[in-house]
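Down below is the structure, laid out as C-alpha cells.
Each reported figure results from applying straightforward, stated rules to the coordinates on display, with no laboratory input. Fair warning: this is a prediction, and the values are worked out from it, not measured in the lab. Note that we place each Cβ from the backbone using ideal geometry, even for glycine, and neighbour counts take in every protein chain shown.
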Amino acid sequence: MSEDDLFNDRIEHLIDELKELKIDINKAKTKRQTDNIINGIIAKKFENVIVMLGAGASTSAGIPDFRSPGGLYDQLRDAGINQGETVFDLKYFQKDPSLFYRFAAMLLPDITKFQPTITHKFVKKLNDRGVLLRCYTQNIDSLEMHAGLPEEKVVYAHGNFNSFYCLKCGYKSELTDEMKATIQDKKIVKCPKDDSALKPSVVFFGENLPKRYHELSKPDFQKCDCLIVIGTSLKVYPFAGLVNDVKLYIPRLLVNREETGDFEFRKKNSRDIFIQGNCDDVCKKWLETLELE
Ligand code: CNA
C-alpha cells in the first residue's frame, strides 16, 4: 500500500468515526432533552401538558392507520379505491354512502376487540399526576375514553362513532347494538324517519371540526407549557397547525415512526425534540419512570 493509499484509508476511517460520534451526540442530546421533560413532569415544572394523538397511538391495538404501508389507504387501494380520502368525503357520502359503509367496520370501536394501548395509558398517567391540560386526538376509536381519561380532558377533533345523525331530517341516535351489527355486515345504517343514510359524528373531509375544538384550542395552546405529539403524520389541517399555536419557547416533542410536521429539530438550541420509533416502546419507558416516582 502506498503512503497516499494509507493516508486516504486513515482519513476515511476518521470520517466514519466522526459520523458515528455525531449520531451518538445527537442521540445523547435527544435523551438529555427528553429526560428533562419527564423529570420536569415529575417535578411538576410542567403542569399544563398537551398531548396530540394520531392513528399511530392505536395501531398496536389492531386498528390500522391511514398512511403507513399496509394501512387503511393501502387496503383501500387493494380494493380498487385509489383515493382513500373519498371514503371520508362528505360530498361523496351524500352521493353514495355505501362506499363508507363497506369499510366502516374496520374503524368501528368495539371495546371487546380493541383495547387502549400503552400510549393511551401514558396519557392517562399524565392526567392522574395532575399535569395533563388536555389530550387533542384525531382518532375516532374512543380509546382515550376507554383508557379512563375523563371526557373534559379530551378533545375529539375528528369526532367519533358514539352518535349518528341524518343529514336530511336531523334525526339523531346514539350508537346501538343493532347499528353495530349493520355496520359489521357492511350495510348502510338507515334513518328510521326518512330511510336515508345516517352519518356517524366522525368529521369527514369537507366538514367543520366540532365546536368544542374551536372553543378550547386557542386558550389551551396558549396555556400549554409542554407539547407532546404522538403517532401522527400531521398531514391533516387544521389539526396539524396546532403545533404552532403554543408559545415560542414551549418544548415540543414528537414521537413517531418518521419525522414529520412543522418542527425545527436540526436548528441549534431548538426547543423541538424528535424521538423516532414505536410510540408504545417510548411511552412504556416514560410510564415506568412516572410509576417509580
Ligand atoms: P396517518 O396519516 O395514518 O399517520 C399515522 C402516523 O403514525 C404515521 O406517521 C406513522 O408512521 C405513525 N405510526 C403508526 N404506527 C405507529 C407506532 N406504533 N408508533 C409510532 N408511530 C406510528 O394518521 P393521522 O392520525 O396522522 O391522520 C389523521 C386521520 C387518521 C384522522 O382523521 C383520523 O380520524 C384517521 N384515522 C384514525 C384512526 C383511529 O381512530 N384509530 C385510524 C385510522 C385513521
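Figures for the structure shown
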| read-out | value |
| --- | --- |
| Between the range 215-252 and the range 5-61, the alpha-carbon center distance in angstrom | 21 Å |
| Cα-projected label distance for residue 121 with residue 209, points at 7 Å along beta-carbon direction, nm | 3.0 nm |
| Translational D in µm²/s for the range 1-156 (Stokes-Einstein at 20 °C, 1.002 mPa s, Kirkwood Rh from C-alpha pairs) | 110 µm²/s |
| Simple label model, 7 Å out from Cα along Cβ direction - residue 276 to residue 193, nm | 5.3 nm |
| Cβ-derived FRET efficiency at R0 41 Å, residue 25 paired with residue 102, nearest 0.05 | 0.20 |
| Those residues of the range 199-222 whose amide nitrogen sits under 17 Å from the label point placed on residue 237, 7 Å along Cα→Cβ | 205-209 |
| Mean separation of Cα contacts under 8 Å (6+ apart) over length of the chain, as relative contact order % | 21 percent |
| Length added when fully stretched, residue 216-residue 244, from 0.36 nm per residue minus Cα-Cα | 8.5 nm |
| Set 125/186; 211/247; 168/211; 187/211 screened for pairs whose C-alpha atoms are more than 32 Å apart | 125/186 |
| Label-to-label distance, nm, for residues given as residue 36 and residue 265 (7 Å Cα→Cβ offset) | 1.8 nm |
| Fewest-first ranking of 202, 229, using other Cβ atoms within 10 Å as the exposure measure | 202, 229 |
| Theoretical gain in end-to-end length, residue 43 to residue 146 [0.36 nm per residue, Cα-Cα removed] | 34.3 nm |
| Largest-first ellipsoid semi-axes for the range 161-293, taking √(5λ) over the Cα gyration tensor eigenvalues, angstrom | 38, 19, 14 |
| Fewest-first sequence of 158, 120 by Cβ atoms within 10 Å of each Cβ | 158, 120 |
| Contact order normalised by residue count of the range 12-163, Cα under 8 Å, 6+ apart, percent | 25 percent |
| Separation of alpha-carbon centers, the range 254-281 and the range 102-167, rounded to whole Å | 23 Å |
| Residue order, fewest to most beta carbons within 10 Å, for 2, 58, 68, 98 | 2, 98, 68, 58 |
| Length released on extending from residue 168 to residue 292, taking residue separation times 0.36 nm less the Cα-Cα span | 39.2 nm |
| Taking N as its residue count, the alpha carbon Rg of the chain over 2.2 N^0.38 Å | 1.18 |
